[in-house]
Structures are given as C-alpha cells and as structure tokens.
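The values are calculated or read from the model by the stated rules, or taken from the named source; none is laboratory data. Keep in mind it's a predicted model, so treat the numbers as computed, not measured. Glycine also receives a Cβ, built like all others from the backbone with ideal geometry; neighbour counts cover every protein chain displayed.
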Amino acid sequence: MNGSEVLDIAREAIWLVLQMSGPIMLVGLTVGLGIALLQALTQVQEMTLVFVPKIVAIFIALLVFMPLMGALLGGFMTHVADRVSAM
C-alpha cells in the first residue's frame, strides 16, 4: 500500500467521522439553542437547566441514528478490507 492509498483511506475515514457525528451534533445544537431561547424569553438563567434535556436528546438521537452509524462503519470496514485484500 503506497502513500496515496493511505491518504485516500484517511480522507474517507475523516469524512466518515463527520457523517457519523453530524446528526448527533445537530441534535445537540438544536436542543441547546431551543433551551437558550426559552431561557432568554422567560429570564430563567439556571445553568444546569441546559444539561439534562440536551443529554436526553443526544441519547435518544444516538438510539435513533445507531443503525445508520453501524451501516456506515460496516461499509467503510468492508471497503478497507477489500482494498487490503486486493493488494
């Protein structure tokens, strides 16, 4: 395996990490913005109010997106194994 093939696999791995973490990060961002807006509207400035809903939302998003994440990771591993065995 030469350097360009290693760089291709690394680039694909970085893209895979972005695909897998993107939906979870968007859920966290959306819930955080919603709670921040609610806090601004009600003038309740409790710092711990953000954490529990965000943790619950991220946990639910992980459960929902776990099949997609597993399929992406399995496909990537199959692709890498095929490239290694083709050498």
Residue check, I9 of a type outside the set (K, R) and in contact (Cβ under 8 Å) with a residue 40 or more places away in the chain:
yes
If I go through segment 72-87 residue by residue, how many of them are among the polar types (S, T, N, Q) and either modelled with pLDDT of 95 or more or within 25 Å of the chain's Cα centre (by Cα) (or both)?
1
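Quick grid of which residues meet (1) part of a helix (DSSP H, G or I); (2) surrounded by 12 or more Cβ atoms within 10 Å (Cβ to Cβ); (3) among the polar types (S, T, N, Q); (4) touching a helix residue (DSSP H, G or I) at 6+ places or on another chain (Cβ under 9 Å):
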| position | (1), (2), (3), (4) |
| --- | --- |
| M1 | no, no, no, yes |
| A10 | yes, no, no, no |
| Q19 | yes, yes, yes, yes |
| G28 | yes, yes, no, yes |
| Q39 | yes, yes, yes, yes |
| T48 | yes, no, yes, no |
| I58 | yes, yes, no, yes |
| A71 | yes, no, no, no |
| F76 | yes, yes, no, yes |
